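So the structure is just underneath, and the comments pick up after that.
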Amino acid sequence: MKYKSYGILRLILGDQLNSHHSWFKSVTDDVLYVMMEVKTETNYVIHHVQKVVGIFSAMRAFCTKLELDGHHVCYIKINDEDNHQSFEANLNALIQRHQINVFQYQLPDEYRVDQMLNAFASNLKITHDIFDSEHFYTTRNELSLFFQGKRSFQMESFYRRMRKKHQVFMQGEQPFLNRWNFDEENRKKLPKKHVLPDPLLFFNNTSEVYRDLLAASVQTIGTIDCEHFIWPITREQAVQLLTYFIEFKLPYFGTFQDAMTTESWSVYHSHLSFALNLKMLSPREVIQRAIQAFNQQQDHSIPYNQVEGFVRQILGWREYMRGMYWMLMPDFASMNFFQHKKPLPQWFWTGETKMNCLKYAIKQSLQYAYAHHIQRLMLTGNFALLAGVDPNEVDAWYLGIYMDAFEWVEITNTRGMSQYADGGLIATKPYISSGAYIHKMSCYCTSCFYDQKEKVGDHACPFNSLYWLFFHQHEQRLKLNPRLKTMFQLWNKMQPELRSSLIEQARTYLNNVDDL
Ligand code: FAD
Ligand code: DLZ
Ligand code: SF4
């Protein structure tokens with residue numbers, strides 16, 4: 001068979017579905033785009049089935065759009081016969097087959113893929129070019145330049161710099177209304193009988209993708225309703241989700257950002273992370289739409305603190321995590337400050353635990369491939385840290401289970417913010433809590449087998465004794481942290497008998513962690 005020759009081969013990765021990229025401004029007959037579903041990507045960790053189906057469906061829809069626009073695209077499906085199942089092998093075959101002269105790719109967001117493509121391209125006999133993905137506000141090394149020579153890398157200072165640089169909610173050098181932070185007004189528990197908005201769900205038929213995945217024997221976790229697939233798989237759907245969020249959820253976003261409930265898996269969260277991380281939406285347009293809604297409102301229904309809280313997540317945390325990733329990789333991926341080595345409890349894969357909060361968060365994650373931030377941080381992450389789980393196992397779980405999980409934003413949140421495995425480069429203190437915090441922010445405790453108020457005994461909430469064991473075990477490592485001073489004082493003032501019984505209770509729980 002005679003194949004058409006192309007001058008240029010351009011690789012589009014599964015999380016590079018940015019239809020506004022300058023690559024697509026004009027149609028060129030000499031350019032062949034390639035998108036591929038490969039086992040090196042599906043198998044580097046066990047993913048949630050919805051994550052793989054979602055990425056593949058979005059990739060296929062993006063390919064269709066490019067073709068309709070007149071671009072030439074070679075799309076390799078997971079079970080195509082001539083799929084060599086790795087980027088390099090497929091690229092080599094295409095370069096040969098189409099007599100390519102130039103190979104081009106956009107900067108990948110993941111260190112592993114960046115290294116691989118760098119090595120691949122450098123070894124080619126043809127020339128190669130690298131393009132920016134034209135998605136983020138910052139370049140890869142902008143954060144490391146900003147923090148150069150500094151010893152602490154706090155998100156807040158970086159966020160303020162972003163606000164000034166991009167003139168987001170600014171009046172010259174001063175923040176709008178003279179305040180940078182509304183954390184005190186935000187983060188409230190949901191009042192009783194509060195009526196939450198339904199999440200906007202899409203009912204995409206992804207049966208064909210799912211069938212291909214099964215045929216290719218890709219191992220996955222979680223469940224799927226492939227005929228009513230709820231996540232956005234096109235830019236149009238992503239924009240619809242954004243519009244829905246702004247109208248129905250943004251007015252309460254900040255206030256209930258940390259609230260947890262059995263009534264809703266999405267609360268006032270946007271679930272835009274999947275669309276954002278695949279680049280179907282740009283962070284700029286998301287922020288612009290939120291600010292526009294605030295500026296154009298007639299009825300004051302969207303208070304400023306809600307919008308600032310949302311902008312902070314995207315302009316602040318998201319860009320910060322990306323910058324920290326590129327500043328700290330590859331060493332970051334093996335940091336283990338507490339030398340934690342325990343395996344992940346078995347019930348992380350099933351949700352079958354008597355702890356109601358974790359049961360709910362894990363079952364929800366298996367059902368929707370989603371948990372909101374505070375569930376990730378203060379339920380599953382909190383427990384894993386208190387239980388001394390190896391950060392490698394924690395990372396693999398988070399990287400697999402969530403729709404939005406890509407290493408640059410997963411590992412920084414998990415190993416850094418949640419597990420404090422970097423010794424405090426990202427978080428200023430470990431995010432741990434006893435049952436009291438979970439009780440304060442949720443309704444999980446009322447129907448739990450365990451009693452949130454009890455510290456010892458068969459029904460004592462495991463978070464309580466594990467919390468104090470953590471202080472006991474890590475006193476040497478953490479006692480100089482000013483943010484933990486009060487807790488160490490409390491621990492050291494406790495009656496010795498109570499301390500011993502808490503330690504014993506926690507150790508019994510840890511020895512039987514799979515039965516909790
Ligand atoms: P919303 O609450 O609606 O927030 C709006 C947007 O802000 C999000 O879509 C996201 O783009 C951004 N954002 C909010 N918090 C963060 C944050 N801490 N870091 C970066 N961006 C943020 N986010 C991911 O995108 N991928 C991950 O793999 C991921 N892993 C996480 C693991 C742990 C242990 C923790 C604690 C957090 C993790 N996060 C991750 C951050 C955050 O939990 C998710 O971005 C958020 O839950 C996504 O849901 P949403 O779109 O409804 O967010
Ligand atoms: C996450 C993922 C998966 C599961 N599969 C693919 C794939 O088959 N093809 C592809 O191009 N991308 C996939 N991805 C996303 C990549 O892992 C992601 O593009 C890199 O990690 C760079 O961030
Ligand atoms: Fe979770 Fe403890 Fe509350 Fe049960 S009592 S839901 S284990 S915090």
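Only residues that are more than 14 Å from ligand 1 (Cβ to nearest atom) and either open to solvent by 20 Å² or more (accessible area, probe 1.4 Å) or among the charged types (D, E, K, R) (or both) were counted in the stretch 427-445, giving 9.
Rundown of residues vs (1) open to solvent by less than 20 Å² (accessible area, probe 1.4 Å); (2) β-branched (Val, Ile, Thr); (3) modelled with pLDDT of 95 or more; (4) more than 16 Å from ligand 2 (Cβ to nearest atom), yes/no style:
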position: GLY7; (1), (2), (3), (4): yes, no, yes, yes
position: HIS21; (1), (2), (3), (4): yes, no, yes, no
position: VAL38; (1), (2), (3), (4): yes, yes, yes, no
position: THR42; (1), (2), (3), (4): yes, yes, yes, no
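For the stretch 199-241, a tally of residues being of a type in the set (Asp, Glu) and open to solvent by less than 60 Å² (accessible area, probe 1.4 Å) returns 1. Hey, any hits in the stretch 22-37 for a residue that's acidic (Asp, Glu) and either under 20 Å from SER217 (Cβ atoms) or within 16 Å of ligand 1 (Cβ to nearest atom) (or both)? Scanning the stretch 22-37, I find at least one residue that is acidic (Asp, Glu) and either under 20 Å from SER217 (Cβ atoms) or within 16 Å of ligand 1 (Cβ to nearest atom) (or both), so the answer is yes.
MET321 - would you say it is in contact with a helix residue (DSSP H, G or I) (Cβ under 9 Å, 6 or more places away or on another chain), open to solvent by less than 30 Å² (accessible area, probe 1.4 Å), within 26 Å of ASN181 (Cα to Cα) and assigned to a helix (DSSP H, G or I)?
Numbers: in contact with a helix residue (DSSP H, G or I) (Cβ under 9 Å, 6 or more places away or on another chain): yes; open to solvent by less than 30 Å² (accessible area, probe 1.4 Å): yes; within 26 Å of ASN181 (Cα to Cα): yes; assigned to a helix (DSSP H, G or I): yes.
Yes.
Checked against the criterion of being under 20 Å from MET155 (Cβ atoms), in a loop (DSSP other than H, G, I, E, B) and either touching an Asp or Glu at 6+ places or on another chain (Cβ under 8 Å) or of a type in the set (A, V, I, L, M) (or both), the stretch 429-436 contains one or more residues that satisfy it. ALA396 fulfils the conditions (1) open to solvent by 20 Å² or more (accessible area, probe 1.4 Å); (2) away from ligand 2 (no atom under 16 Å from the Cβ) except for a single criterion, (2). Looking across PHE337, PHE253, one residue alone is open to solvent by 20 Å² or more (accessible area, probe 1.4 Å) and touching a residue at least 24 places away in the same chain (Cβ under 8 Å). It is PHE337. Tell me which residues, restricted to the stretch 273-295, are without any contact (Cβ under 8 Å) to a residue 60 or more places away in the chain, under 21 Å from ARG163 (Cα atoms) and open to solvent by less than 10 Å² (accessible area, probe 1.4 Å). Scanning the stretch 273-295 gives LEU281, VAL286, ALA290. Of all residues in the stretch 473-511, how many are open to solvent by 70 Å² or more (accessible area, probe 1.4 Å) and closer than 19 Å to LYS341 by Cα? Of the residues in the stretch 473-511, 6 are open to solvent by 70 Å² or more (accessible area, probe 1.4 Å) and closer than 19 Å to LYS341 by Cα.
Is at least one residue of the stretch 380-389 within 16 Å of ligand 2 (Cβ to nearest atom) and out of contact with any Lys or Arg (no Cβ under 9 Å at 6 or more places or on another chain)? Within the stretch 380-389 (the criterion being within 16 Å of ligand 2 (Cβ to nearest atom) and out of contact with any Lys or Arg (no Cβ under 9 Å at 6 or more places or on another chain)), the answer is no, since none of the residues qualifies.
What are the residues in the stretch 44-76 that are open to solvent by 60 Å² or more (accessible area, probe 1.4 Å) and under 26 Å from ALA396 (Cα atoms), if any?
Filtering the stretch 44-76 down to residues open to solvent by 60 Å² or more (accessible area, probe 1.4 Å) leaves 44, 46, 64-65, 67-69.
If the condition is that a residue be open to solvent by 60 Å² or more (accessible area, probe 1.4 Å) and under 26 Å from ALA396 (Cα atoms), then TYR44, ILE46 are the ones that fit.
The values are calculated or read from the model by the stated rules, or taken from the named source; none is laboratory data. Just so you know, these numbers come straight off a predicted model, no measurement behind them. Reconstructed Cβ throughout: ideal geometry from the backbone, glycine too, with neighbour counts over all protein chains shown. Just the protein is used for accessible areas: all its heavy atoms, side chains included, with ligands, DNA and RNA removed. Shrake-Rupley method; radii C 1.70, N 1.55, O 1.52, S 1.80 Å.
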